[in-house]
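Data first, discussion second: the structure below is written as structure tokens.
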Amino acid sequence: MPSKQILLEKEREIDELAAAISKYRTITLIGIQGVSGRMLSDLRSRLRGFAEVKVVKNSTALRALQSSAKEKPGVEKLTALLKGSNALILSHASPFLIAKEVEDLHETDWVKPGSPAPKDIIIQAADLGLPPGGPASILTDMGAKTKIVKGMIRLDEDLALAKKGERITPAMAALLMALEIKPVESSFKLLGAWDGVYIPGEALHLDLDKTKEELLLATNSALGLAVSAEIYTEESAPMIFRKAILNAKALSSMGVIYGPDEMKEALTKAAVTATAVHSRLEKH
């Protein structure tokens, strides 16, 4: 049974985390399973000045989030995501901005002998920069199409070294290391967030280019509607006035309305027509 001192320490950690949650406007929960300490340090550096990264036990996060539910309704939904190793990112910034910083961080590593291939591993056809024998011996064993050029191996066709899930042999791992290929990719996982309401992790993925295109399309559509409906805004007013002027000129040119400018244009047009008619009459 835990000692009284340990229980008091746990309660203190819960209270401190609950106070931090209360202090900030947004909470973003990320999975950090398999992520190195260096990558976690890089994330803290990226977020320094506008967010705090809290790595705590799930039991601590669970109770702190539950105690914050009265002040932040819906935040308790994050507790269902507390599996494996996780971190809470507390900030006043939008979770979408936090998510962009999180998604930009990736890391690669060597694959260990005996572990499953994390994906299909393909060796691209190229000058490999390796001499025959040693780590390159597996190429011959696998029937790879190679040739020796100036004492080094050239791979003439792509080689499927391992399929996803296939166990990596020591020879495969040695070849990948010799070629400086790190097929193991590590990244944080966006699990969910709270910003007044609960936001599921999949909704945090934001394609900025696509979003800009959609915003531009929506802006243009709204502006077109405002001009058609003669709704005056700072952006639509000049276009509505220009449309009115063009319509007035069109009516004037058909003889419906004559303003000073239209009268001048009409007289000029009549003079040109009269001159042309007079010229033809003189020829006859």
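Bear in mind that the values in this text are calculations on the coordinates, not laboratory data. Every value quoted in this text rests on a predicted model; they were computed, and no experiment measured them. Cβ placement follows ideal geometry from the backbone for every residue including glycine, while neighbour counts extend to all protein chains displayed.
Excluding same-chain neighbours fewer than eight residues apart, the aspartates and glutamates reachable from K72 by a Cα-Cα span under 12 Å are D195. Dividing the summed -39500 (n - 2.57) terms of all DSSP H runs of n ≥ 4 by the residue count of the chain sets its mean residue ellipticity at 222 nm at -14500 deg cm²/dmol. Couplings for the stretch 162-179, taken from phi via the Karplus curve 6.51 cos²θ - 1.76 cosθ + 1.60 with θ = phi - 60°, read 7, 8, 3, x, 6, 5, 8, 7, x, 5, 5, 4, 5, 5, 4, 5, 5, 8 Hz in order; Gly and Pro are left as x. Toward the positive end of the charge dipole of the stretch 99-149, with +1 on the Cβ of Lys and Arg and -1 on the Cβ of Asp and Glu, the farthest Cα among P135, V149, H106 is that of V149. At 0.36 nm per residue, and after removing the present C-alpha to C-alpha distance, how many nm does the segment from L105 to R154 gain when stretched out fully? Result for the pair: 14.3 nm of gain on full extension. For the stretch 121-183, the average shadow cast by the Cα convex hull is 3.8 nm², which is a quarter of the hull's surface. Relative contact order, whole percent, for the chain stands at 20, derived from Cα pairs under 8 Å and 6 or more residues apart. Each label point was placed 7 Å from the Cα along the Cα-to-Cβ direction; for K4 and K83 their separation is 3.9 nm. In this calculation the C-beta distance from A20 to N247 is compared with R0 = 45 Å, giving a FRET efficiency of 0.15. Note on S228 and M142: their simple-model spin labels are 5.9 nm apart, each label 7 Å out from Cα toward Cβ. For K150, list the aspartates and glutamates whose Cα falls under 13 Å from its own Cα; do not include residues on the same chain fewer than 8 positions away. By straight Cα distance, K150 reaches D127.
Simple point charges give the picture: +1 on the Cβ of Lys and Arg, -1 on the Cβ of Asp and Glu, and for the chain a dipole about the Cα centre of about 280 debye. Which of rounded, prolate or oblate describes the chain when judged by the alpha-carbon gyration tensor and an a/c cut-off of 1.5? Oblate is the answer for the chain, as a/c is 1.5 or above yet b/c matches or exceeds a/b.
At what distance in angstrom do the alpha carbon centres of the stretch 229-245 and the stretch 9-52 lie from each other? Taking the Cα centre of each part, the stretch 229-245 and the stretch 9-52 sit 50 Å apart. Bridging of K269 to lysines at a Cα separation below 23 Å is possible for K249, K283, once same-chain residues fewer than 8 apart are set aside. Comparing K243, K112, K83 in a Gaussian network model of the chain where C-alpha atoms under 10 Å apart are linked, the largest mean-square fluctuation is found at K243.
Here the dipole of the stretch 121-183 is about 60 debye; that uses its Cα centre as origin and unit charges on the Cβ of Lys and Arg (positive) and Asp and Glu (negative). Between their Cα atoms, which of K119/K182; K57/K182; K77/K100 are more than 20 Å away from each other? Result: K57/K182; K77/K100 exceed 20 Å.
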